[in-house]
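See below for the structure under consideration.
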There are 2 protein chains.
Amino acid sequence: MALDGVRAIVFDVFGTVVDWRSGVAREAAPFLARHGASADPSAFADAWRRRYQPAMEAVRSGARPFTRLDTLHRENLEAVLPEFGIDPARVEPTELDALNLSWHRLDPWPDSVAGLTRLRARYIIAPLSNGNIVLMIDMAKRAGLPWDAILGAEVVRAYKPAPEAYLRTAEVLAMRPEEVCLVAAHNDDLAAARRCGLRTAFVPRPTEHGPGQTKDLLPAQEWDVVAADFGDLASLLGL
Amino acid sequence: MALDGVRAIVFDVFGTVVDWRSGVAREAAPFLARHGASADPSAFADAWRRRYQPAMEAVRSGARPFTRLDTLHRENLEAVLPEFGIDPARVEPTELDALNLSWHRLDPWPDSVAGLTRLRARYIIAPLSNGNIVLMIDMAKRAGLPWDAILGAEVVRAYKPAPEAYLRTAEVLAMRPEEVCLVAAHNDDLAAARRCGLRTAFVPRPTEHGPGQTKDLLPAQEWDVVAADFGDLASLLGL
């Protein structure tokens, strides 16, 4: 079978397990309306998310010590608001804190919970996300994601796609990299994991970025597994 | 209620959630017999466990960088075998590795799973153990412990009762210390947690150390909650 010898399956989360764009837009909509911004809430979610990689890059480059994603999201929120005509200094900090927690309340894709539950019968399953621990806990409790543990950037103090994020996760699991498989909807995440020796499974999420999505619609390499969704992944693995 | 304002309940594990002495003795028995040692397997478990605090103390004192418990257990196993007339150099390393994993296969006390399941309905629940992450994952999967996350020494790189073990755990949860309650069968663990501002719940485990146990039979301070077992704890909290 494609994943012979694999004992743990770890998951990218934002986009792969949950639909961040709809979730953030849902919570941003009343906020934007309250502050007189007429922008499309999905465009706001996209703009907020656009600052995600640059913020982590400051950590990856060593310019900044490890800082959890909730903090980066909060800084990025203040940075993005003026693009939508809102002065963050004129919004109550508690209101910004509340909106920042929208990332803790994202809905899973329809197949995620059932697929994870099947996979969990044979494998250790855990997020390997750049999201911090309490963000992943809150999300999992709300959505019913049946993780065996919360792994990821905050546990290993490294942001994907830095090699340490993958290698230290295998080390925490006391496994060789080839005993761990990453599931992601993003070819670049899988490519970085493969360079570290992990196994790879691609599950496309063609509407992660909305109806006009052009990237990550197809596998860019011959990944160990390519599945239509998490249920298909479980079936391909004989579960 | 006693724990008003608490949002997360974290648990000591060895002795509090699981019965380490019986579990290690069960797996040590055939090992000892195979190697011609006539010792009581429970005495062997006690002797192995006796080296637990000194090994962690090397890390707590700064004499040694953070080293996960599986590694300390493995070293302690080699150190303890001569006490039982066994030369570790004459045992296959894979056999020692297998016995070392007995700590991953401990049985919960009879009330643990049902009590945790009730507590999980209102609180984030997680181990705050000195056991490392994959040890806690293996144990939870085998025993059905319904943790929301695996927290503890390896996540925060500090061994209890060092204050960092408690304070960094609250920090990872983005909570104030008083929003976190430690459940333990050990008065010294609770005392250290209380000094850091955590709330405390004592659950006695009067046979953790066998039928002749003399310590930790009673609460040594007025802990926030004292419960007979995890089911009683859930009931006292109105669950």
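The values are calculated or read from the model by the stated rules, or taken from the named source; none is laboratory data. All figures in this text were calculated on a predicted structure; none of them were measured in a lab. All Cβ positions, even for glycine, are placed from backbone atoms using ideal geometry, and neighbour counts span all protein chains on display. Ligands, DNA and RNA are stripped out before the accessible areas are found, and what is left, the full protein with its side chains, is counted by its heavy atoms. Shrake-Rupley method; radii C 1.70, N 1.55, O 1.52, S 1.80 Å.
Starting from the Cα gyration tensor of segment A:150-223, take the square roots of the eigenvalues, sort them a ≥ b ≥ c, and report rounded, prolate or oblate (rounded when a/c is under 1.5, otherwise prolate if a/b is larger than b/c, else oblate).
Working: a/c = 2.61, a/b = 1.78, b/c = 1.46.
The shape class here is prolate.
Report, ordered by chain and residue number, the lysines lying within cross-link reach of residue A:141, taken as a straight Cα distance under 16 Å and ignoring same-chain residues fewer than 8 apart.
Residue A:141 reaches no qualifying lysines.
Can you give the accessible area of residue A:166 in Å² (nearest 10), computed on protein heavy atoms with a 1.4 Å probe?
The accessible area of residue A:166 comes to roughly 0 Å².
Expressed as a whole number of Å, what is the distance separating the alpha-carbon centroids of segment A:1-75 and segment B:148-201?
29
Quick check for you: with a 1.4 Å probe and neighbouring chains kept, what is the accessible area per residue of segment B:188-239, in Å²?
Values: 2450 Å² over 52 residues.
Ligands and nucleic acids excluded, the result is 47 Å² per residue.
So, taking all protein chains as they sit and a 1.4 Å probe, how much accessible area belongs to residue A:21, in Å² rounded to tens?
Approximately 40 Å² for this residue.
Using a/c under 1.5 as the rounded threshold, could you call segment B:112-239 rounded, prolate or oblate? The axes a ≥ b ≥ c are square roots of the C-alpha gyration tensor eigenvalues, and prolate needs a/b larger than b/c, oblate otherwise. Before the final figure, lay out the partial values.
Details: a/c = 1.24, a/b = 1.12, b/c = 1.10.
Rounded is the answer for segment B:112-239, as its axis ratio a/c remains below 1.5.
Using 1/(1 + (r/R0)^6) with R0 = 41 angstrom and r between the beta carbons of residue A:4 and residue A:87, what's the FRET efficiency to the nearest 0.05?
Numbers: r = 57 Å, r/R0 = 1.38.
That pair, residue A:4 with residue A:87, gives E of 0.15.
Please express the Cα-Cα pair-distance distribution P(r) of the protein assembly as shown as a list of whole percents, one per 10 Å bin, running from 0 to the bin with the greatest distance.
4, 19, 28, 25, 16, 6, 2, 0, 0
Can you pull the Kirkwood radius for segment A:1-132, inverse mean 1/r over Cα pairs, to one decimal in Å? Write down the numbers at each step before the final one.
Values: mean 1/r = 0.0607 Å⁻¹.
Kirkwood hydrodynamic radius for segment A:1-132: 16.5 Å.
Leaving ligands, DNA and RNA out of it, rank A:157, A:90, B:26 by accessible area with a 1.4 Å probe, largest first. Walk me through the intermediate numbers first.
Values: A:157 135, A:90 195, B:26 100 Å².
Sorted descending by solvent-accessible area, the residues read A:90, A:157, B:26.
How large is the direction-averaged shadow of the alpha-carbon convex hull of chain B, in nm²? Numbers along the way, then the final one.
Numbers: hull surface 49.6 nm².
Average of the hull's projected areas for chain B equals 12.4 nm².
Once the Cα atoms of helix A:133-143 and of chain A are each reduced to a long axis, what angle between those two axes, in degrees from 0 to 90 to the nearest 10, is obtained?
90
If you count only protein heavy atoms with a 1.4 Å probe, what accessible area per residue comes out for segment A:90-145, rounded to a whole Å²? If you can, show how the numbers build up before the last one.
Details: 2070 Å² over 56 residues.
Averaged over the residues of segment A:90-145, the accessible area is 37 Å².
So the label point goes 7 Å from the Cα of residue A:39 along Cα→C-beta, right? Which residues of segment A:65-103 then have their backbone N under 13 Å from it?
Hits in segment A:65-103 for residue A:39 at 13 Å: A:76-88.
Rounded to the nearest percent, how much of the accessible area of chain A (1.4 Å probe, protein heavy atoms only) is carbon and sulfur? Please list the in-between numbers first.
Working: 4970 of 9340 Å².
Its accessible area is 53 percent carbon and sulfur atoms.
B plus A alone minus the pair: what accessible area, both sides summed, probe 1.4 Å, in Å² to 100?
1700
Once both axes come from the Cα atoms, what is the angle between helix A:69-80 and the longest principal axis of chain A, in degrees from 0 to 90, rounded to 10?
That works out to roughly 40 degrees.
Quick one: helix B:41-50 against the long Cα principal axis of chain B, what's the angle to the nearest 10°, folded into 0 to 90?
For helix B:41-50, the angle is close to 60 degrees.
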